[in-house]
1. Take each of the peptides 292-305, 323-336, average the number of other beta-carbon atoms within 10 Å over its residues, and list them starting from the highest.
2. Using the count of nearby Cβ atoms within 10 Å as a rough guide to exposure, how do 8, 416 rank from fewest to most?
3. Can you work out the FRET efficiency for the pair residue 275 and residue 75, with r the C-beta to C-beta distance and R0 = 41 Å, to the nearest 0.05?
4. Once whole DSSP H runs in the chain are found, which of them have Cα atoms spread over 20 Å or more along the helix axis and a mean Kyte-Doolittle score of at least 1.6?
5. With n ≥ 4 as the cut-off for DSSP H runs, can you work out [θ] at 222 nm for the chain, using -39500 (n - 2.57) per run divided by the number of residues, rounded to the nearest 500?
6. Sorted by packing (mean other beta-carbon atoms within 10 Å per residue), highest first, where do 21-29, 128-136 land?
7. Looking at the chain as a GNM with Cα springs under 10 Å, which of 37, 351, 230 has the largest mean-square fluctuation?
8. Build a GNM of the chain with springs between Cα atoms under 10 Å: which of 340, 382, 156 gets the top mean-square fluctuation?
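Derivation of every value follows stated rules applied to the coordinates shown; laboratory data play no part. None of the values given here were measured: they were computed from a predicted structure. So basically every Cβ, Gly included, is an ideal-geometry build from the backbone, and we count neighbours across all protein chains shown.
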Amino acid sequence: MTGPIAPDARRYWTLAILALVAFLAMVDRQAFSVLLVPMQRDLRVGDGAMGFLSGSAFALAQAAFTLPLAWLADRINRRNLLVASVVVWSLATAVGGVAGGFVTLLLARLLVGAAEAAQTPATVSLVADLFAARHRGAAFMVCSVGAALGASFGAYAAGFLSEQRGWRDALLAVGLPGLLIAALLGLTVVEPPRAPRATSPERDGLRAAVMQLKLCLSIPTFRPFLAGYVALQAASMAWYTWFPAFLMRVHGLSAARMGAVFGAVVLCGMLAAMWGGPASDLLARRGARWRLHFIVAVTTLSIPFLCLSFLAPSLALSQICAMGFTLFIGAHHPVAMATYASLAPPASRAVVSGLVFVAGALLGGTGGPLLLGAVGELLTPYLGAQAIRYSLLLVPIMLAVAAGCYALASRTADADARRAEEGEFST
């Protein structure tokens, strides 16, 4: 059973704008990671504090607000919710550029995380109502390409602007254009019809949403899938936060040069998303488990490249290996989104995607950057600038755990996806 499908021109325009919103979110997010070293020098704080500021604080705010905003996304106009969110996180990013100290910057970062919490649940709900299940891998691929382009552009732009104007002006420059995108979203996108609700009106409240979450946690596939997603998010956030600092500390790059190198590495994630989503759609014709087999394969293949990128003696070899890593691991994101959209009850897709997202943010996004920062501080007295090279080796371990969990989830995926489509998962 699928929801109503909008006319082609309208739904593809909506998808393009959602990709642009994903682009903007990743610009703001990646710019902050690229600016970590110059901010640290200015604020005079340690790796642990910067790991908390750049990754953990953001993830905690997202974790606190994702489920309430996802619940709203299942019940109010999703376009308007996204417009408000884009305005808030863009202004908060810009405010970070005029922050007087660590505490003010921390508060701005918390506000960015809270506002961005609406982006994924609203996007998943909209895409699932716009596209049939057999096309969702390709549709989510478009959003993932937008995010990858945003990460690449954010890295390059923030590095260049920081070199030319300082990190404060860089934050102002990447934050304020979001107001234009919010206006474009509000003026040109029409809220599409929703899929028919499985719940009756009298049960369509917060209690029903909580019951849907409990139901999803009881689905055999969902539990190991969620564990794998958390482990992969921990690895991804830790890498995004600390690999730019690795390039600057170990290979001695300036902010501008690092932004260009890291931007090229992240851009390969876009190429991966472009082939990953459609390839998983083809595989999924044989059963939902094949999307999970696909994630296991790309995650496993990415690990050797990641290890070599940290241990390579030269910048050129490190960059080539890092690009190999993102060419594989970048393919997982649209496939994971298509997977949990297919497991979720149609009337609660935003809430379910919120649960996945909040678990990834709270347990993965918070823990990954903070753990690497703490380990780096412990190793620094013995290894100096080389400490970050070895603390980053925790990331491949997290990826191996993720691959194992996804492999477990694949065993029951076909039956659970079929039950979700037939409406058996409803309160």
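1. 323-336, 292-305
2. With the sparsest Cβ surroundings first, the list reads 8, 416.
3. 0.70
4. Answer set is 102-116, 315-329, 394-409.
5. Taken over the chain, the calculation gives -26000 deg cm²/dmol.
6. Those peptides, ordered most packed to least, come out 21-29, 128-136.
7. In this elastic network of the chain, the residue with the biggest mean-square fluctuation among 37, 351, 230 is 37.
8. Sorting by GNM fluctuation, first place goes to 382.
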